[in-house]
Amino acid sequence: MTLLAVERIKLFTTRSPWWCALIAIVLTAGFSALVASAASSDETIDVATTQFGYQFGIAVIMVLAALSVTTEYRFGTIRTTFQAVPGRTSVLIAKATVVALLSLVIGEVGAFGAWALGYAIRPSDALALDTSAEWINVAGVGVLFAFAAVIAVAVGILIRHSAGAIALLLIYVLAVESLVQLIPTVGPKIHEWLPFNVAEKFLRGGGGATRGGPPQSDAVLSQGWSLAYFAGIAIVLLAIAIGVAKKRDA
């Protein structure tokens, strides 16, 4: 608990988490308002459509998570922490836990804010949370934010430089998985197992494309196993990053 408190204090004494949290919430919720406002009167939007902006929000969350690590390497505070607590594994797990919990909260605030804005703008559309699938569409966003943050923390530990870590994460999240599909023959097969495509399957299940939303995920796993797969990738990457951090100088 002491390590968690220390990591929380270190995280919130810098400005970047506050700005990233605000931007992530605004993007996640703001796109819902834009989509709902842009829809014509003869069109209907659904709960999944209100969450279109989460893809932009998750990119910002990963920036936040990466900076939580790389900033410490930049200013040398990670070295002081490792000297005070020789067990690097516990330190880095505590950091990942704090960042993941913050990301979970940000994701839930942004997702339910997006849903509320959509409902307020289009009260006559089918936006009530009546089914488990609709609850997952909204509440699942925070869960994905949390595991995405763990992935970003792992990348930050491995690369240790803010610009490099952020560039890698943003390029991958916003472009790489989509471009993989263009590879002849094997591209679509590879895409079925890429982590954020699989995460999309968890969030939307077997639902097809919706107005203003991304297309249906082509992941082959079930909805529950999709979440387990995404979580497993996050945990494995963090374990690899911790192993590397234990073998090199801070």
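The values are calculated or read from the model by the stated rules, or taken from the named source; none is laboratory data. Just so it is clear, the structure is predicted and the values come from calculations on it, not from any experiment. Here the Cβ is made from the backbone with ideal geometry for all residues, glycine too, and neighbour counts use every protein chain on show. What goes into the accessible areas is simple: the full protein's heavy atoms, side chains included, and nothing from ligands, DNA or RNA. Shrake-Rupley method; radii C 1.70, N 1.55, O 1.52, S 1.80 Å.
On the first, second and third principal axes, largest extent first, how far apart are the outermost C-alpha atoms of segment 140-250 in Å?
Principal axes ranked by extent give 48, 29, 26 Å for the Cα atoms.
Please report, to two decimal places, log10 I(q)/I(0) for segment 24-134 at q = 0.22 Å⁻¹ as given by the Debye formula with identical point scatterers on the Cα atoms and no solvent.
Once normalised to I(0) and log-transformed, intensities are -1.09.
Given a 1.4 Å probe and every protein chain left where it sits, what share in percent of the accessible area of the chain is carbon and sulfur?
70
Along the charge dipole of the chain, pointing to its positive end and built from +1/-1 on Cβ of Lys, Arg, Asp and Glu, which listed residue (G76, L182, F202) has its Cα farthest out?
Positive-most Cα among the choices belongs to G76.
What is the extension gain from A175 to A239, computed as 0.36 nm multiplied by their sequence separation minus the C-alpha to C-alpha distance, in nm to one decimal?
So the chain would gain 20.5 nm between A175 and A239.
So how strong a dipole does the chain carry about its Cα centre when Lys and Arg Cβ are +1 and Asp and Glu Cβ are -1, to the nearest 20 debye?
Around 1280 debye, computed over the chain.
Grab the DSSP H runs of the chain that are 4 residues or longer, score each as -39,500 (n - 2.57), total them, divide by all residues and round the 222 nm result to the nearest 500 deg cm²/dmol.
Estimated from H runs of four or more residues: -24000 deg cm²/dmol.
When we measure straight from the Cα of K95, which lysines land under 24 angstrom away, once same-chain ones fewer than 8 places off are left out?
Within the straight-line limit of under 24 Å, K95 reaches these lysines: K10, K246, K247.
When ranked by the protection proxy of mean other Cβ atoms within 10 Å per residue, highest first, what sequence do the peptides 222-230, 36-44, 119-127 form?
So the peptides 222-230, 36-44, 119-127, ranked by packing, come out 222-230, 119-127, 36-44.
In Å², what does the accessible area per residue of segment 79-139 work out to with a 1.4 Å probe?
Ligands and nucleic acids excluded, the figure is 47 Å² per residue.
So for segment 1-82, taking the charge dipole from beta-carbon charges (+1 Lys/Arg, -1 Asp/Glu), which of S37, A65, I23 sits furthest toward the positive end?
In segment 1-82, that residue is A65.
For segment 1-85, what is one quarter of the convex hull surface built on the Cα atoms, given in nm²?
7.0
Quick one: compute a quarter of the convex hull surface over the Cα atoms of segment 29-75 and quote it in nm².
Computing the convex hull of the Cα atoms and averaging its projections yields 3.7 nm².
May I have the extent of the alpha carbons of the chain along their three principal axes, as whole Å values ordered from largest to smallest?
That gives 63, 43, 29 Å along the principal axes, largest extent first.
In Å and on Cα atoms, what radius of gyration and Dmax does segment 107-170 show?
Cα only, segment 107-170: 16.4, 49 Å (Rg, Dmax).
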